[in-house]
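The values are calculated or read from the model by the stated rules, or taken from the named source; none is laboratory data. The shown structure was predicted, so the numbers you read here are calculated from the model rather than taken from an experiment. No Cβ is skipped: glycine too gets one built from the backbone with ideal geometry, and neighbour counts run over all protein chains shown.
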Amino acid sequence: MVAMVGGCAGHPAPAPVVVGPAPSAPAIHALDSIALPGALATGGVAMDYLAYDHERHRVWVPAGNTGSVDVIDTDHGTVVRIDGFPTAEMQRKGTKRTVGPSSATVGQGTVYIGNRGDQTVCALDAATLRRLGCAKVPSMPDGLAYVAATKEVWVTTPRDRSISVIDVAIPGDPKLQGQLELEGEPEGFAVDDARGIFYTNLEDKDRTLAIELKTRKVIATWSPRCGEDGPKGLALANGPNFLFVACANGALVLDAGHQGIELARVSTGDGVDNIFYVEGRRSLYVAAGRAATMTVAQVDTHGHLSVSATVTTSPGARNAVVTDDGTAYLTDSKASRILVVRPH
(Lines give C-alpha, C1' and ligand atoms only; values in the text may rest on other atoms or scores of the structure.)
Protein backbone atom coordinates (compact mmCIF):
# COMPACT_ATOMS: atom_id res chain seq x y z
CA MET A 1 0.00 0.00 0.00
CA VAL A 2 1.33 3.45 -0.88
CA ALA A 3 0.46 6.02 1.77
CA MET A 4 0.64 9.66 0.73
CA VAL A 5 -1.04 12.41 2.69
CA GLY A 6 -1.19 15.88 1.16
CA GLY A 7 1.89 16.02 -1.08
CA CYS A 8 4.81 14.23 -2.70
CA ALA A 9 7.40 12.66 -0.43
CA GLY A 10 9.95 15.31 0.55
CA HIS A 11 7.97 18.19 -0.90
CA PRO A 12 5.24 20.24 0.79
CA ALA A 13 1.83 20.25 -0.86
CA PRO A 14 0.94 23.48 -2.64
CA ALA A 15 -1.59 25.60 -0.81
CA PRO A 16 -5.07 24.61 -2.02
CA VAL A 17 -7.30 27.21 -3.54
CA VAL A 18 -10.29 27.63 -1.21
CA VAL A 19 -13.49 29.24 -2.37
CA GLY A 20 -16.93 29.58 -0.86
CA PRO A 21 -20.41 29.80 -2.33
CA ALA A 22 -21.14 33.05 -4.11
CA PRO A 23 -23.36 35.15 -1.81
CA SER A 24 -25.37 36.55 -4.70
CA ALA A 25 -24.90 34.06 -7.54
CA PRO A 26 -26.79 35.04 -10.68
CA ALA A 27 -30.18 33.40 -11.21
CA ILE A 28 -29.16 31.33 -14.21
CA HIS A 29 -31.11 28.21 -13.31
CA ALA A 30 -34.79 27.29 -13.29
CA LEU A 31 -36.29 24.85 -10.77
CA ASP A 32 -38.88 22.23 -11.71
CA SER A 33 -39.96 18.88 -10.25
CA ILE A 34 -41.25 15.46 -11.27
CA ALA A 35 -43.65 13.68 -8.90
CA LEU A 36 -42.96 9.98 -8.40
CA PRO A 37 -45.75 7.38 -8.43
CA GLY A 38 -46.85 5.90 -5.13
CA ALA A 39 -46.09 8.99 -3.07
CA LEU A 40 -49.47 9.24 -1.36
CA ALA A 41 -49.45 5.58 -0.37
CA THR A 42 -45.99 5.67 1.20
CA GLY A 43 -45.79 9.15 2.70
CA GLY A 44 -42.44 9.69 1.02
CA VAL A 45 -40.13 7.88 -1.37
CA ALA A 46 -36.75 6.83 0.05
CA MET A 47 -34.03 7.51 -2.53
CA ASP A 48 -30.25 7.33 -2.51
CA TYR A 49 -28.17 6.81 -5.68
CA LEU A 50 -29.52 7.76 -9.10
CA ALA A 51 -28.02 6.85 -12.49
CA TYR A 52 -28.14 8.60 -15.86
CA ASP A 53 -28.22 6.70 -19.15
CA HIS A 54 -26.56 9.13 -21.60
CA GLU A 55 -27.45 7.06 -24.67
CA ARG A 56 -31.18 6.77 -23.99
CA HIS A 57 -31.65 10.05 -22.07
CA ARG A 58 -33.09 8.36 -19.00
CA VAL A 59 -32.65 8.90 -15.26
CA TRP A 60 -32.98 5.71 -13.22
CA VAL A 61 -34.52 6.26 -9.77
CA PRO A 62 -34.44 3.33 -7.32
CA ALA A 63 -37.43 4.14 -5.14
CA GLY A 64 -36.56 2.14 -2.02
CA ASN A 65 -39.60 1.74 0.22
CA THR A 66 -42.03 1.56 -2.72
CA GLY A 67 -40.39 -1.65 -3.98
CA SER A 68 -39.97 -0.15 -7.41
CA VAL A 69 -37.63 1.63 -9.80
CA ASP A 70 -38.84 4.74 -11.65
CA VAL A 71 -37.37 5.61 -15.04
CA ILE A 72 -37.58 9.24 -16.20
CA ASP A 73 -37.44 10.13 -19.89
CA THR A 74 -35.50 13.39 -19.77
CA ASP A 75 -36.63 14.42 -23.27
CA HIS A 76 -40.33 14.32 -22.38
CA GLY A 77 -40.46 14.31 -18.57
CA THR A 78 -42.48 11.09 -18.46
CA VAL A 79 -42.06 8.41 -15.79
CA VAL A 80 -42.29 4.62 -16.15
CA ARG A 81 -42.52 2.57 -12.97
CA ILE A 82 -41.00 -0.92 -12.72
CA ASP A 83 -42.47 -2.51 -9.60
CA GLY A 84 -42.29 -5.80 -7.73
CA PHE A 85 -38.81 -5.48 -6.19
CA PRO A 86 -38.49 -7.09 -2.73
CA THR A 87 -38.44 -4.86 0.34
CA ALA A 88 -37.58 -5.49 3.98
CA GLU A 89 -38.16 -3.75 7.28
CA MET A 90 -35.11 -2.78 9.30
CA GLN A 91 -34.42 -0.73 12.40
CA ARG A 92 -31.88 2.05 12.59
CA LYS A 93 -31.30 4.28 15.59
CA GLY A 94 -34.57 3.10 17.11
CA THR A 95 -36.65 3.86 14.01
CA LYS A 96 -38.18 1.25 11.72
CA ARG A 97 -37.98 1.81 8.00
CA THR A 98 -38.62 -0.10 4.81
CA VAL A 99 -35.69 -0.64 2.46
CA GLY A 100 -35.61 -1.79 -1.15
CA PRO A 101 -33.95 -0.71 -4.41
CA SER A 102 -31.43 2.01 -3.59
CA SER A 103 -28.71 2.26 -6.27
CA ALA A 104 -28.21 1.93 -10.00
CA THR A 105 -25.42 1.89 -12.57
CA VAL A 106 -25.57 1.84 -16.37
CA GLY A 107 -23.64 -0.82 -18.29
CA GLN A 108 -23.58 -1.82 -21.95
CA GLY A 109 -27.26 -2.04 -22.83
CA THR A 110 -28.04 -3.08 -19.28
CA VAL A 111 -28.82 -1.25 -16.04
CA TYR A 112 -27.96 -2.84 -12.70
CA ILE A 113 -30.03 -2.20 -9.57
CA GLY A 114 -28.78 -2.74 -6.03
CA ASN A 115 -31.50 -3.78 -3.60
CA ARG A 116 -31.09 -3.48 0.16
CA GLY A 117 -34.33 -5.41 0.62
CA ASP A 118 -32.89 -8.76 -0.43
CA GLN A 119 -29.13 -8.04 -0.87
CA THR A 120 -29.20 -8.50 -4.63
CA VAL A 121 -27.90 -6.77 -7.73
CA CYS A 122 -30.29 -7.30 -10.64
CA ALA A 123 -29.92 -6.61 -14.35
CA LEU A 124 -32.57 -4.87 -16.47
CA ASP A 125 -32.58 -4.30 -20.21
CA ALA A 126 -31.79 -0.60 -20.67
CA ALA A 127 -34.01 -0.29 -23.75
CA THR A 128 -37.06 -2.44 -22.94
CA LEU A 129 -36.83 -2.20 -19.11
CA ARG A 130 -37.29 -5.99 -18.98
CA ARG A 131 -35.93 -7.73 -15.91
CA LEU A 132 -33.07 -10.17 -16.39
CA GLY A 133 -30.91 -12.07 -13.90
CA CYS A 134 -29.81 -11.25 -10.35
CA ALA A 135 -26.80 -11.95 -8.14
CA LYS A 136 -26.82 -12.16 -4.36
CA VAL A 137 -24.12 -10.23 -2.48
CA PRO A 138 -22.87 -11.13 1.03
CA SER A 139 -23.96 -7.84 2.62
CA MET A 140 -26.42 -5.02 2.03
CA PRO A 141 -25.36 -3.17 -1.16
CA ASP A 142 -24.72 0.55 -1.11
CA GLY A 143 -23.17 2.09 -4.26
CA LEU A 144 -22.83 0.35 -7.63
CA ALA A 145 -20.27 1.11 -10.34
CA TYR A 146 -20.11 -0.51 -13.77
CA VAL A 147 -16.50 -1.17 -14.82
CA ALA A 148 -16.36 -1.34 -18.61
CA ALA A 149 -12.69 -2.37 -18.78
CA THR A 150 -13.28 -5.62 -16.90
CA LYS A 151 -17.01 -6.13 -17.56
CA GLU A 152 -17.78 -6.10 -13.86
CA VAL A 153 -19.99 -4.28 -11.39
CA TRP A 154 -18.26 -3.24 -8.17
CA VAL A 155 -20.58 -2.98 -5.17
CA THR A 156 -19.65 -1.13 -1.98
CA THR A 157 -20.86 -3.04 1.08
CA PRO A 158 -19.92 -0.91 4.10
CA ARG A 159 -21.58 -3.11 6.71
CA ASP A 160 -18.87 -5.75 6.33
CA ARG A 161 -16.11 -3.36 5.18
CA SER A 162 -15.82 -4.79 1.71
CA ILE A 163 -16.46 -4.43 -2.01
CA SER A 164 -18.24 -7.22 -3.87
CA VAL A 165 -17.25 -7.81 -7.49
CA ILE A 166 -19.90 -9.11 -9.90
CA ASP A 167 -19.03 -10.60 -13.28
CA VAL A 168 -21.29 -9.18 -16.02
CA ALA A 169 -19.45 -10.56 -19.06
CA ILE A 170 -22.91 -11.87 -19.93
CA PRO A 171 -24.75 -8.59 -19.22
CA GLY A 172 -28.09 -10.11 -18.24
CA ASP A 173 -26.61 -12.88 -16.11
CA PRO A 174 -24.65 -11.27 -13.24
CA LYS A 175 -22.59 -13.63 -11.09
CA LEU A 176 -20.80 -12.90 -7.82
CA GLN A 177 -17.08 -13.28 -8.54
CA GLY A 178 -15.25 -12.16 -5.43
CA GLN A 179 -14.91 -9.78 -2.52
CA LEU A 180 -12.28 -7.22 -1.48
CA GLU A 181 -11.75 -6.84 2.25
CA LEU A 182 -11.01 -3.26 3.34
CA GLU A 183 -9.85 -1.59 6.56
CA GLY A 184 -12.92 0.61 6.84
CA GLU A 185 -16.39 1.32 5.49
CA PRO A 186 -16.40 2.09 1.74
CA GLU A 187 -18.45 5.09 0.66
CA GLY A 188 -18.63 6.55 -2.84
CA PHE A 189 -17.02 5.37 -6.06
CA ALA A 190 -15.38 6.52 -9.28
CA VAL A 191 -13.95 4.39 -12.07
CA ASP A 192 -10.98 5.20 -14.30
CA ASP A 193 -11.28 2.53 -17.00
CA ALA A 194 -8.39 3.89 -19.07
CA ARG A 195 -5.90 3.80 -16.18
CA GLY A 196 -7.39 0.69 -14.57
CA ILE A 197 -8.23 2.24 -11.20
CA PHE A 198 -11.28 2.15 -8.93
CA TYR A 199 -11.62 4.86 -6.29
CA THR A 200 -13.59 4.70 -3.06
CA ASN A 201 -13.50 6.34 0.37
CA LEU A 202 -13.29 4.87 3.85
CA GLU A 203 -15.92 7.03 5.51
CA ASP A 204 -15.04 6.00 9.06
CA LYS A 205 -11.29 6.51 8.52
CA ASP A 206 -11.34 9.80 6.54
CA ARG A 207 -9.36 8.20 3.73
CA THR A 208 -9.61 7.92 -0.06
CA LEU A 209 -8.35 4.74 -1.74
CA ALA A 210 -7.08 3.98 -5.23
CA ILE A 211 -7.55 0.28 -6.09
CA GLU A 212 -5.98 -1.36 -9.14
CA LEU A 213 -8.70 -3.11 -11.15
CA LYS A 214 -6.45 -5.90 -12.42
CA THR A 215 -4.97 -6.99 -9.08
CA ARG A 216 -7.75 -5.63 -6.83
CA LYS A 217 -5.08 -4.24 -4.53
CA VAL A 218 -5.02 -0.84 -2.83
CA ILE A 219 -2.18 1.08 -4.50
CA ALA A 220 -2.60 4.49 -2.85
CA THR A 221 -4.23 5.96 0.25
CA TRP A 222 -4.86 9.69 0.65
CA SER A 223 -6.35 11.89 3.35
CA PRO A 224 -9.09 14.28 2.16
CA ARG A 225 -9.36 15.86 5.64
CA CYS A 226 -13.14 15.78 5.72
CA GLY A 227 -13.29 15.47 9.51
CA GLU A 228 -15.25 13.13 11.74
CA ASP A 229 -18.13 12.78 9.26
CA GLY A 230 -15.66 11.40 6.73
CA PRO A 231 -15.63 11.60 2.93
CA LYS A 232 -18.80 10.85 0.97
CA GLY A 233 -19.17 10.66 -2.83
CA LEU A 234 -16.54 10.75 -5.57
CA ALA A 235 -16.32 11.96 -9.17
CA LEU A 236 -13.52 11.94 -11.73
CA ALA A 237 -12.30 14.27 -14.48
CA ASN A 238 -10.74 11.65 -16.74
CA GLY A 239 -8.63 13.88 -18.98
CA PRO A 240 -6.63 15.83 -16.36
CA ASN A 241 -6.99 12.98 -13.82
CA PHE A 242 -8.59 15.11 -11.11
CA LEU A 243 -10.47 13.23 -8.40
CA PHE A 244 -13.31 15.12 -6.68
CA VAL A 245 -14.10 14.10 -3.10
CA ALA A 246 -17.27 15.13 -1.29
CA CYS A 247 -17.18 16.08 2.37
CA ALA A 248 -20.32 16.68 4.43
CA ASN A 249 -20.08 20.44 3.83
CA GLY A 250 -18.33 20.76 0.46
CA ALA A 251 -15.91 19.14 -1.96
CA LEU A 252 -12.23 19.11 -2.83
CA VAL A 253 -10.00 18.28 -5.78
CA LEU A 254 -7.13 15.78 -5.57
CA ASP A 255 -4.52 15.39 -8.30
CA ALA A 256 -4.85 11.62 -8.76
CA GLY A 257 -1.87 11.55 -11.13
CA HIS A 258 0.47 13.19 -8.61
CA GLN A 259 0.14 11.43 -5.24
CA GLY A 260 -3.29 12.85 -4.48
CA ILE A 261 -2.10 16.39 -3.83
CA GLU A 262 -4.99 18.67 -2.88
CA LEU A 263 -5.54 21.37 -5.49
CA ALA A 264 -8.70 23.14 -4.34
CA ARG A 265 -11.62 23.02 -1.92
CA VAL A 266 -15.09 24.52 -2.00
CA SER A 267 -17.59 25.08 0.83
CA THR A 268 -21.23 24.49 -0.06
CA GLY A 269 -23.23 24.15 3.16
CA ASP A 270 -24.03 20.96 5.06
CA GLY A 271 -25.63 17.74 3.90
CA VAL A 272 -23.51 16.74 0.90
CA ASP A 273 -23.54 13.08 -0.11
CA ASN A 274 -22.86 12.09 -3.73
CA ILE A 275 -21.49 14.54 -6.33
CA PHE A 276 -21.42 14.67 -10.13
CA TYR A 277 -18.99 16.01 -12.72
CA VAL A 278 -19.84 16.87 -16.36
CA GLU A 279 -16.66 16.60 -18.39
CA GLY A 280 -17.88 18.58 -21.41
CA ARG A 281 -18.85 21.56 -19.23
CA ARG A 282 -15.98 21.26 -16.74
CA SER A 283 -18.63 21.60 -14.05
CA LEU A 284 -18.88 19.98 -10.63
CA TYR A 285 -22.37 19.69 -9.09
CA VAL A 286 -22.58 19.54 -5.29
CA ALA A 287 -26.04 19.30 -3.70
CA ALA A 288 -26.20 20.02 0.04
CA GLY A 289 -29.37 18.55 1.54
CA ARG A 290 -29.35 20.30 4.91
CA ALA A 291 -28.42 23.64 3.39
CA ALA A 292 -31.06 23.14 0.65
CA THR A 293 -28.71 24.40 -2.05
CA MET A 294 -26.87 23.07 -5.08
CA THR A 295 -23.49 24.58 -5.89
CA VAL A 296 -22.10 24.49 -9.43
CA ALA A 297 -18.33 24.97 -9.59
CA GLN A 298 -16.19 25.37 -12.69
CA VAL A 299 -12.93 23.44 -12.82
CA ASP A 300 -9.97 24.97 -14.68
CA THR A 301 -7.00 23.15 -16.20
CA HIS A 302 -5.06 23.45 -12.94
CA GLY A 303 -7.83 21.86 -10.88
CA HIS A 304 -8.89 25.12 -9.26
CA LEU A 305 -12.57 25.69 -8.49
CA SER A 306 -14.72 28.77 -8.95
CA VAL A 307 -18.39 28.88 -8.00
CA SER A 308 -20.55 29.78 -11.00
CA ALA A 309 -23.96 29.35 -9.34
CA THR A 310 -25.63 28.54 -6.04
CA VAL A 311 -29.20 27.34 -6.51
CA THR A 312 -31.81 27.14 -3.75
CA THR A 313 -33.36 23.65 -3.86
CA SER A 314 -35.35 21.96 -1.08
CA PRO A 315 -34.46 20.58 2.38
CA GLY A 316 -33.00 17.10 1.91
CA ALA A 317 -32.43 17.42 -1.85
CA ARG A 318 -29.16 15.71 -2.76
CA ASN A 319 -27.26 13.25 -4.99
CA ALA A 320 -27.67 14.99 -8.34
CA VAL A 321 -27.07 13.31 -11.67
CA VAL A 322 -26.61 15.69 -14.57
CA THR A 323 -27.26 15.50 -18.30
CA ASP A 324 -24.75 16.65 -20.90
CA ASP A 325 -26.58 19.99 -21.29
CA GLY A 326 -26.26 20.74 -17.56
CA THR A 327 -29.74 19.77 -16.36
CA ALA A 328 -29.50 18.33 -12.85
CA TYR A 329 -31.86 15.76 -11.30
CA LEU A 330 -31.83 15.59 -7.46
CA THR A 331 -33.54 13.28 -4.98
CA ASP A 332 -36.18 14.92 -2.77
CA SER A 333 -37.34 11.96 -0.71
CA LYS A 334 -39.60 13.74 1.76
CA ALA A 335 -41.61 15.33 -1.04
CA SER A 336 -41.64 12.10 -3.12
CA ARG A 337 -40.22 13.83 -6.14
CA ILE A 338 -37.20 14.49 -8.29
CA LEU A 339 -36.09 18.11 -8.42
CA VAL A 340 -35.00 19.30 -11.83
CA VAL A 341 -32.60 22.25 -12.10
CA ARG A 342 -32.37 23.50 -15.68
CA PRO A 343 -29.85 26.02 -16.97
CA HIS A 344 -31.39 28.94 -18.88
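Among the candidates PRO62, PRO37, PRO12, PRO23, the residue that is modelled with pLDDT of 95 or more and out of contact with any Gly (no Cβ under 7 Å at 6 or more places or on another chain) is uniquely PRO62.
For every residue, the table says whether it meets (1) touching a residue at least 24 places away in the same chain (Cβ under 8 Å); (2) under 26 Å from TYR277 (Cα atoms); (3) surrounded by fewer than 16 Cβ atoms within 10 Å (Cβ to Cβ).
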| site | (1), (2), (3) |
| --- | --- |
| GLU183 | no, no, yes |
| ARG195 | yes, yes, yes |
| ILE211 | yes, yes, no |
| PRO224 | yes, yes, no |
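In the set VAL296, VAL307, VAL341, only one residue is in a strand (DSSP E or B) and surrounded by fewer than 23 Cβ atoms within 10 Å (Cβ to Cβ); that residue is VAL307. Of all residues in the stretch 158-178, none that is aromatic (Phe, Trp, Tyr) has its Cβ atom under 8 Å from the Cβ atom of a residue that is part of a strand (DSSP E or B) and surrounded by 15 or more Cβ atoms within 10 Å (Cβ to Cβ), 6 or more apart or on another chain. Can THR110 be described as over 24 Å from SER164 (Cα atoms), touching a strand residue (DSSP E or B) at 6+ places or on another chain (Cβ under 9 Å) and touching a residue at least 40 places away in the same chain (Cβ under 8 Å)? Answer is no for this residue.
Only residues that are closer than 26 Å to ARG342 by Cβ and either touching a Gly at 6+ places or on another chain (Cβ under 8 Å) or among the polar types (S, T, N, Q) (or both) were counted in the stretch 69-101, giving 3. Checking the stretch 98-119 against the condition returns a match, with at least one residue being over 19 Å from the mean Cα position of the chain (by Cα) and part of a strand (DSSP E or B). Just one of the listed residues (ASP73, ASP125) is farther than 21 Å from ALA169 by Cα, without any contact (Cβ under 8 Å) to a residue 60 or more places away in the chain and in contact with a strand residue (DSSP E or B) (Cβ under 9 Å, 6 or more places away or on another chain), namely ASP73.
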